[in-house]
Amino acid sequence: MTEPADLALEQVTKVFAGHRAVDGVNFAVRRGEFFSILGPSGCGKTTLMRMIAGFEMPSSGEISIRGQSMLGVPSNRRPVNMVFQNLALFPMMNVGENVAYGLACQGVGRAEREARAVRILERVGLPGYEERQVTQLSGGQRQRVAIARCLVLEPTLLLLDEPLGALDLKLREHMKLELKQLQGAFNTTFIYITHDQSEALVMSDRVAVMNKGCFEQIGSPRELYHHPATNFVAGFVGDANAWDVTPNPSLGPGLGVTLVSGADLRAHGRIGAVGHAYLRPEAIALAARIEELSGLPNRFHGKVSAVLFDGAASNLVIEAEGFAPHIRATLPQAGALAGVEVGARLAFGFSAEAVKVFPA
Amino acid sequence: MSAAISSGQGRAAARLGLFLLLLPAILWLGLLVVLPHVEMAILSFSQRIRAGVYGFGFGNYLEFLTEPLYWRTFGRTAIMSILVTLITLVISFPVALYIAKVARGATKPILFLMCLIPFWASELVRTLGWMMLLRETGVASYLMQLAGLTYGPVELLYNDGAVILGLVYGGMLFMIVPLANALESLDDSQVEAGYDLGGSGFTVLRRIIIPHAMPGIVAGSIVVFMLSVGNFVTPVLLGGKNGLWFTEQIYAQFITRFNWPQGAAFGFMLLLLSTLIVWAGLRLTGQGFSETLRRS
Amino acid sequence: MIKNLNRFGIVAAVSLLALSAQAQEKLRLLTWADYTPKEVVDAFTKETGIQVEITLSNNEEMISKLRATQGAGFDLAQPSQDRITGPQAEFGIYKPLDLSKIDSKLFIGSMLEATKKNTTLDGKVYGLPHIWGTDGLVVNTKVAPGVKDYLDLCGAEVKGKASLRAKRPTLIAFAFAMGEDPFKAYSDEKAYAALMDKVGTKLSACKANLKFFWDGKDALLAGLRAGEVTAAMAWDTGGWKLNSENPDLKFIAPKSGALGWVDTFAIPAKGRADDAAYKWINFNMRPEIAAKVAASAGNFSASQGADKLAAGKLKDQFAESFPQAAIDNIKWYPAVPAGLEAIEGKVLDKVKAN
């Protein structure tokens, strides 16, 4: 018999006034996994999380934690704790009291409560902060208190509802790393909700992409990035050139498509009468002369119309016949083309596998 | 030189402007609040020597302290008012919580309005309404007989319970409004976090909702307590033959006894002692008065 | 308190209005309910052109109001005859009457003389008799036939269904019923205080028997009508009014004596319309007018000849309540010396509080 999953959802559906906010969701989360649910706002991910936390009851379906059904179990009796979007620290209590609150609810004695609060605060990097008021803390410190407040209870699952949303960019980048480290150190199962794909991709072991109440795909960040299963995932995860295409059998063998703007591409995937094609900017090879790209099935001439400089994520905007309005490619960081300027003529090419085509 | 003069004139003009701006408020405070109180204070220190002749003295205050009748009446009034305040708080809290957190859309203003409607009638009319309900031949007694709870008519009027009922009824609005105000600012996620971390409903109420509502609780309690202690109509009409309210003593001194100095002294004792009780209450619950004002 | 302050405010506002409208002569009258039937006021205005502005009150409030303004705001007041010299000595709220402006033939001679004597201070007369009546017992004779005297209100027959006023007439009545003579003790403050303490103790013991202390006449009458109260100390008028509705309810002159009162005319110290006041007094004492007022109040007039015009029913009711012996036994209030109210008030407070 295999160990039951920390969290398993079967056909979970939630209907609000005729609207299916969550529609037949299935998934299981392994022990110690960092699992993210990624989706645009309004996709139902918050409702899903609130059902797991116990604030909402599913209209149908089953939620179980370590094999125990959670239906009818109120939130205060679930081995699940949640870090809220706005953190929801209790302003009337100091840091130590915030952390000890859950222990007090469990009936842990004062001395032990305080000792455990001190210990957990040390582990999240806030030693000696017990007496501080929460209003005196910085954004990152508040974040850590919110997590410590949950982890001190040693929950089976820790839910995090876009907790980084309110932080500034620099801190957000830092906290991503820290969250990942904390998860590793505590070896607690994390379920992380976000609309920010970079947060999901950086931290997660596995990511579920959610759209309109359904899961589009569950997989590792790499799988999602490189092998999107659906049109939505391909468009939502990572950066890509996106075009409407029609099939062009004359380009065979393999799949051939023609862009609405004219270019013919050898591609990969499935298509009906019409489809969408996605091409990541970093999958495009650049060369001074087209002959250098002879190994690639798709080769074109173009002219640099703009350089969008953004450090490692810098892009070139290339005008080329058949690509309307343009095509974006990653700026090479080394080699002859590293210093390419606006107006330069160049050649670009890509493999058939790089062009992902989905039926519309 | 001339610039200095003109700027000095400018400042003087600004000061005059400010003074004129504040004048209505100063007059209001001075003529309608401070002046009557000063007169009362002076009056309270005058003592009757013989017919028509009065002198300065503390006799009126000594009378309050030495005559058990008076301070007992005050004590009774104060204790009952504290009881009224607590009962009002307990009843109003769920109502305010419902208005602030559960009611949505148009329900909220309607509920507020329903709390307000009784106040469109004067206090006297409301109290008379209670008299009709509670008297021996009244509605409540009739219904109780109909339900077979009693065999004969019951008198529900003219006792301390009726007074407390009337005062609680009159005080509820003044408790609900500050409470609902305070609770409205409570973030739902705080409550959810309270549950999520394992708290029972009671724990969440005690450790999260009540501390958050504290400014409202304090503000509402002060108002209800002060209104109860200073009420006259309700205790007189609903109160029993045993129930003397301190304001009745003041009324009696002024109106039936013609002893204005004594009445004035009682009035000041009422002001002083009820302020003292409020202060003690704030200290006891660890709330600062200025902090309460600032936060509410 | 607030209510009363408001009333003072209204009085002040009304006085201001009166100042601005001096073109029309005006009489500001401070009186009791039912003493000013509309037809009488209208007839007076028609005859003299004087407007009458009426404020309803009772003895204590009249004194308090006039005290607040040192006798201003009203041109004519109607306190009871025993409540004039005390407050006058203390606060100086009335002015002496000019008896030459009164048509004394309109008054019952003996009553006029008695009232003048009772309201004289330092040789000056301050009051003239207007309406008189008695305080006694209103009893539901069917339910409580045994109630014959004030102390019977403390008896088992009316347990929980008796009522009294927490005011001085009750103290006086109980003193008489206990075999004392409080009026004799008026002159000796100490003796009076001792007597009142005794009465207070008796009243406190009696309190368990009471439904409530009545304050407004209407509340009491409603209680008697509904049967919530079966015996009460009250004015004869109230009793006769109820008797007309329900013959079981009767006004009884108590064994130890009904208390006789006389309401008077007195002119406030700062009254501004003395002529109008005298006109009103003379007008009101005409037999045909006095009869109308007496009928409205349900009491008797001090007007000579008004009783001949009184309605037959009231006469019969009076005859039933007052056999000759009871009339002779009426205890007429002598003037209350200043300072006694304080003693009585404290006793009443104790009775109410304990």
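The values are calculated or read from the model by the stated rules, or taken from the named source; none is laboratory data. Keep in mind that what you see is a predicted model, and the values were worked out from it rather than measured. Heads up, the Cβs are rebuilt from the backbone with ideal geometry, glycines too, and the neighbour counts pull from every protein chain shown.
See the values below:
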item: Single residue of region B:217-268 satisfying the filter (under 12 Å from the mean Cα position of the chain (by Cα), in a helix (DSSP H, G or I) and of a type outside the set (A, V, I, L, M, F, W, C)) that is nearest to the other protein chains (Cβ to nearest Cβ); result: B:Ser228
item: Qualifying residues in region C:320-340 (those that are part of a helix (DSSP H, G or I) and not charged (D, E, K, R)) - the one nearest to B:Ile49 (Cα to Cα); result: C:Leu340
item: Residue identified as surrounded by 15 or more Cβ atoms within 10 Å (Cβ to Cβ) and not in a loop (DSSP other than H, G, I, E, B) among A:Leu89, A:Leu48; result: A:Leu48
item: Any pair with Cβ under 6 angstrom, 6 or more apart, that starts in region A:86-102 at a residue that is in contact (Cβ under 8 Å) with a residue 40 or more places away in the chain and assigned by TED's automatic domain parsing to the domain that holds A:Ala117 and ends at one that is assigned to a loop (DSSP other than H, G, I, E, B) and of a type in the set (A, V, I, L, M); result: A:Asn98/A:Leu89; A:Val99/A:Val152; A:Tyr101/B:Leu197; A:Gly102/A:Leu153; A:Gly102/B:Leu197
item: Subset of region C:144-171 [away from chain B (no Cβ under 14 Å) and surrounded by fewer than 24 Cβ atoms within 10 Å (Cβ to Cβ)]; result: C:Ala144, C:Pro145, C:Gly146, C:Lys148, C:Asp149, C:Leu151, C:Asp152, C:Gly155, C:Ala156, C:Glu157
item: Criterion: in a strand (DSSP E or B) and closer than 10 Å to A:Phe350 by Cα - qualifying residue of A:Leu286, A:Leu316, A:Leu296; result: A:Leu286
item: Which numbered condition B:Phe56 misses (of (1) of a type outside the set (S, T, N, Q); (2) loosely packed, with under 11 Cβ neighbours inside 10 Å; (3) modelled with pLDDT under 85); result: (3)
item: Qualifying residue in region C:235-249 (condition: within 14 Å of another protein chain (Cβ to nearest Cβ), over 23 Å from C:Leu56 (Cβ atoms) and hydrophobic (A, V, I, L, M, F, W, C)); result: no
item: Some residue of region C:255-277 being among the hydroxyl-bearing types (Ser, Thr, Tyr), surrounded by fewer than 20 Cβ atoms within 10 Å (Cβ to Cβ) and in contact with a helix residue (DSSP H, G or I) (Cβ under 9 Å, 6 or more places away or on another chain); result: no
item: In region A:205-249, residue surrounded by the fewest Cβ atoms within 10 Å (Cβ to Cβ) [restricted to those that are under 11 Å from the mean Cα position of the chain (by Cα), part of a loop (DSSP other than H, G, I, E, B) and on the phi < 0 side of the Ramachandran plot]; result: A:Ser220
item: A:Ala283 being within 26 Å of A:Gly335 (Cβ to Cβ), small (Gly, Ala, Ser), in contact (Cβ under 8 Å) with a residue 24 or more places away in the chain and crowded, with 18+ Cβ neighbours inside 10 Å; result: yes
item: Criterion (under 27 Å from A:Glu223 (Cβ atoms), surrounded by 18 or more Cβ atoms within 10 Å (Cβ to Cβ) and modelled with pLDDT under 90) met by exactly one of A:Leu296, A:Leu331; result: A:Leu331
item: Boolean, C:Asp218 is within 24 Å of B:Gly129 (Cβ to Cβ) and either surrounded by fewer than 17 Cβ atoms within 10 Å (Cβ to Cβ) or of a type in the set (D, E, K, R) (or both); result: yes
item: Counted residues, region A:16-33 - those being part of a strand (DSSP E or B) and closer than 29 Å to A:Glu154 by Cα; result: 6
item: Residue within region A:131-148 that is surrounded by fewer than 23 Cβ atoms within 10 Å (Cβ to Cβ), more than 22 Å from B:Ser189 (Cβ to Cβ) and of a type in the set (A, V, I, L, M) present; result: no
item: Failed item, numbered, when A:Val202 is tested on (1) part of a helix (DSSP H, G or I); (2) touching a Gly at 6+ places or on another chain (Cβ under 6 Å); (3) at pLDDT 90 or above; result: (2)
item: Near pairs, Cβ below 7 angstrom, 6+ apart or cross-chain, from region C:70-98 (within 19 Å of B:Pro261 (Cα to Cα)) to any residue that is of a type in the set (S, T, N, Q) and surrounded by fewer than 22 Cβ atoms within 10 Å (Cβ to Cβ); result: C:Ile93/C:Gln70
item: Unique match (being more than 12 Å from the chain's Cα centre (by Cα), of a type in the set (A, V, I, L, M) and surrounded by 18 or more Cβ atoms within 10 Å (Cβ to Cβ)) among A:Leu177, A:Leu201, A:Leu182; result: A:Leu182
item: Members of region C:60-92 that are more than 23 Å from B:Met40 (Cβ to Cβ) and facing chain B (nearest Cβ under 9 Å); result: C:Gly86, C:Ala89
item: Filter result for C:Ala295 (of a type in the set (A, V, I, L, M, F, W, C), over 17 Å from C:Gly239 (Cα atoms), part of a helix (DSSP H, G or I) and not assigned by TED's automatic domain parsing to the domain that holds C:Phe251); result: no
item: Which listed residue is among the aliphatic types (A, V, I, L, M), outside any loop (DSSP other than H, G, I, E, B), under 30 Å from C:Gly86 (Cβ atoms) and not assigned by TED's automatic domain parsing to the domain that holds B:Val223, from B:Leu18, B:Leu27, B:Leu43; result: B:Leu43
item: Residue selected from region C:197-208 under the condition within 12 Å of chain B (Cβ to nearest Cβ) and under 23 Å from B:Tyr251 (Cβ atoms), by the criterion surrounded by the most Cβ atoms within 10 Å (Cβ to Cβ); result: C:Leu203
item: Filter result for A:Ala277 (over 24 Å from the mean Cα position of the chain (by Cα), within 30 Å of A:Pro359 (Cα to Cα) and surrounded by 13 or more Cβ atoms within 10 Å (Cβ to Cβ)); result: no
item: Matching entry among A:Ala21, A:Ala28, A:Ala17, A:Ala53 (being aliphatic (A, V, I, L, M), surrounded by fewer than 19 Cβ atoms within 10 Å (Cβ to Cβ) and within 21 Å of the chain's Cα centre (by Cα)); result: A:Ala28
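Residues checked against (1) within 25 Å of the chain's Cα centre (by Cα); (2) within 10 Å of chain B (Cβ to nearest Cβ); (3) aliphatic (A, V, I, L, M):
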{"position": "C:Ser187", "(1), (2), (3)": "yes, no, no"}
{"position": "C:Tyr192", "(1), (2), (3)": "yes, no, no"}
{"position": "C:Leu195", "(1), (2), (3)": "yes, no, yes"}
{"position": "C:Leu210", "(1), (2), (3)": "yes, yes, yes"}
{"position": "C:Gly216", "(1), (2), (3)": "yes, yes, no"}
{"position": "C:Leu221", "(1), (2), (3)": "yes, no, yes"}
{"position": "C:Gly227", "(1), (2), (3)": "no, yes, no"}
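Residue-wise test of (1) assigned by TED's automatic domain parsing to the domain that holds A:His226; (2) closer than 23 Å to A:Gly254 by Cα; (3) without any contact (Cβ under 8 Å) to a residue 12 or more places away in the chain; (4) aromatic (Phe, Trp, Tyr).
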residue	(1), (2), (3), (4)
A:Ala287	no, no, no, no
A:Pro297	no, yes, no, no
A:Phe309	no, no, no, yes
A:Ala312	no, no, no, no
A:Ala320	no, no, no, no
A:Gln333	no, no, no, no
